[in-house]
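The values are calculated or read from the model by the stated rules, or taken from the named source; none is laboratory data. Quantities reported herein were computed from a predicted structural model and do not represent experimental measurements. So basically every Cβ, Gly included, is an ideal-geometry build from the backbone, and we count neighbours across all protein chains shown.
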Amino acid sequence: MVPKAATIAVLVNPNYSDAENQLREVEEAAARLGVQLVVVRANAETDFDAAFSTLVQQRSGVLLVCASPFFYSRREQLVVLAARHGIPAMYEQREFALAGGLMSYGTSLADAYRQVGIYVGRILNGAKPTDLPVLQSTKFEFVINLHTARSLGIEVPAGLLSIADDVIE
C-alpha cells in the first residue's frame, strides 16, 4: 500500500512472550526487502507517545504493530496515535481496522473460538483432553479500512482490494 516507504517502524512489546520471535521474523523480512527497520518498544501506555515520536523523527513511512495482548487492549489509543501522526499502520487483528486502523492481517478470532467450542464439545462428550490433537489457526483475515486510507491520502490498489476478506468503507 505504501510501496515507496524505505523505512518501516515496528512497535513491539518487549514483555510479550513471543516478542523476540516476532522481531526476528520482521528483521529477516526487512533484510530480504532491503528496507530499513526502526524498532520501537512499549510495554506501558506511557511509552506510546515516546515510541511515536521516535518513529516520526526517524521518518518511518509505515508502522507494523506486532501482536501483543497489551496492544490489543489499547487498540483505540494506538489507532488514534497513528492517525494523529499520519502514519499508515498494519495490525494483527481485525478489531484494529474496525477501530479505524488502516489494515490488519492475522488469525480469525471467530474461527479460533469456533475451534475452542468444538474441543469443549468433544471433552463434554467424553474425549480425554490429552487425546485431542493440537491445532493451529488456519484461517487468517486481511481487512482494509478504506475510510482510513482516504484520510491518509493512500489509494488502495485494486489487487489488494480483491484479496481482502473485508473492506471497511
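Filter the stretch 111-129 down to the residues that are under 32 Å from the mean Cα position of the chain (by Cα) and polar (S, T, N, Q) and list them by number. Answer for the stretch 111-129, where residues must be under 32 Å from the mean Cα position of the chain (by Cα) and polar (S, T, N, Q): just Gln115. Residues considered: Glu76, Glu95. Of these, the only one that is within 30 Å of Asp47 (Cβ to Cβ) and in contact with a Ser or Thr (Cβ under 9 Å, 6 or more places away or on another chain) is Glu95.
Yes or no: Leu98 in contact (Cβ under 8 Å) with a residue 60 or more places away in the chain, closer than 22 Å to Ile163 by Cβ and surrounded by fewer than 17 Cβ atoms within 10 Å (Cβ to Cβ)? I'd like the intermediate steps shown before the answer.
Numbers: in contact (Cβ under 8 Å) with a residue 60 or more places away in the chain: yes; closer than 22 Å to Ile163 by Cβ: yes; surrounded by fewer than 17 Cβ atoms within 10 Å (Cβ to Cβ): yes.
Yes, satisfied.
If I ask for residues that are polar (S, T, N, Q) and over 24 Å from Val143 (Cβ atoms), which ones from the stretch 1-27 would you list?
Within the stretch 1-27, the first condition is being polar (S, T, N, Q), and the residues that meet it are 7, 13, 15, 17, 21-22.
Correct list: Thr7, Asn15, Ser17.
Buried (at least 19 other Cβ atoms within 10 Å of the Cβ) and out of contact with any strand residue (DSSP E or B) (no Cβ under 7 Å at 6 or more places or on another chain), is that true of Val65? Break it down into steps so the answer makes sense when it comes.
Working: buried (at least 19 other Cβ atoms within 10 Å of the Cβ): yes; out of contact with any strand residue (DSSP E or B) (no Cβ under 7 Å at 6 or more places or on another chain): no.
It is false that Val65 is buried (at least 19 other Cβ atoms within 10 Å of the Cβ) and out of contact with any strand residue (DSSP E or B) (no Cβ under 7 Å at 6 or more places or on another chain).
Taking every residue in the stretch 39-50 that is within 12 Å of Phe70 (Cα to Cα) and pairing it with any residue that is of a type in the set (Phe, Trp, Tyr) and surrounded by 11 or more Cβ atoms within 10 Å (Cβ to Cβ), at least 6 positions away or on another chain, the pairs with Cβ-Cβ distances below 7 Å are Ala42/Phe48; Asn43/Phe70. Residues in the stretch 103-142 that are in contact (Cβ under 8 Å) with a residue 12 or more places away in the chain and among the aromatic types (Phe, Trp, Tyr): Tyr105, Tyr119, Phe140, Phe142. The condition (being in contact with a helix residue (DSSP H, G or I) (Cβ under 6 Å, 6 or more places away or on another chain), within 24 Å of Val80 (Cα to Cα) and among the hydrophobic types (A, V, I, L, M, F, W, C)) is satisfied by just one residue among Val62, Val40: Val40.
Meeting the requirement of 2 or more residues that are modelled with pLDDT under 90, the helices (runs of 4 or more DSSP H) wholly within the stretch 57-169 are 109-124. The set of residues from the stretch 1-26 being assigned to a loop (DSSP other than H, G, I, E, B) and touching a residue at least 40 places away in the same chain (Cβ under 8 Å) comprises Met1, Val2, Lys4, Ala5, Ala6, Asn13, Asn15, Tyr16, Asp18.
None of Glu76, Glu20 is under 25 Å from Arg150 (Cβ atoms) and out of contact with any Cys (no Cβ under 6 Å at 6 or more places or on another chain) except Glu76.
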